[in-house]
Structure formats: structure tokens, C-alpha cells
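Please read the structure below before turning to the comments.
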Amino acid sequence: MVWSKKIQLLMEKDEMKRFTKNSVKQIVKYIKIFFEGSLSVDKLGVFYFQQGQLTAPKDATEQQHSFVSRVNQIIKSKKPVAQWD
């Protein structure tokens, strides 16, 4: 199955977390808690995150790159959710 069809099916089933473009703090919290997965941002599309960092799609627009950069910058500035000693 093609990735775009899988994404569309996930979105139809409401299995993918959806955010508005302005809810950056909620997105950062979601990424820090789950560490790996995918999410949808209204008017920007679907993004994936791995190892606690948001990644831009392969065919990303300048707006998507800017959004990813902003989110990752906030993630780096935040304290860890949990620390292992």
C-alpha cells in the first residue's frame, strides 16, 4: 500500500493526532511524550517524528520546513520529560 493511502486511512479513522498550526506547545509536548510516530497539522500536512525530533516530508514546502525548524528548536530548549540516572 502506498504511504499516502496509509496516511489517508489513518486520518479517516482518527488514529492520527491532529493539531492546529498554532498549537506548537502541544505538538512539542506530544513529541516529547511519544518520542516516535506521526501527527497531522491543519493546513500543513502530515509530519513524522523520530528520536524526539520532528522531520519534514521529502517534498516539503518552505512553510513546512520553517514549522519543523521552529518545533525542533523549542524541543531542544525544553528539559527532558524524564531522566534516567
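The values are calculated or read from the model by the stated rules, or taken from the named source; none is laboratory data. The structure presented is a predicted model; accordingly, all values stated were derived computationally and were not measured. Cβ sites come from the backbone with ideal geometry, for glycine too, and all protein chains shown count toward neighbours.
Of the strands (runs of 3 or more DSSP E) lying entirely inside the range 1-57, the ones with 3 or more residues being modelled with pLDDT of 90 or more and not β-branched (Val, Ile, Thr) are found at 37-41, 45-50.
Quick check: is even one residue across the range 62-74 modelled with pLDDT of 90 or more, surrounded by fewer than 13 Cβ atoms within 10 Å (Cβ to Cβ) and part of a loop (DSSP other than H, G, I, E, B)?
Pass one, the range 62-74, residues modelled with pLDDT of 90 or more: 62-74.
From what is left, the residues that are surrounded by fewer than 13 Cβ atoms within 10 Å (Cβ to Cβ) are 62-63, 65, 69, 73.
Going one step further and asking which of them are part of a loop (DSSP other than H, G, I, E, B), we end up with none.
The answer is no, given that none of the residues of the range 62-74 is modelled with pLDDT of 90 or more, surrounded by fewer than 13 Cβ atoms within 10 Å (Cβ to Cβ) and part of a loop (DSSP other than H, G, I, E, B).
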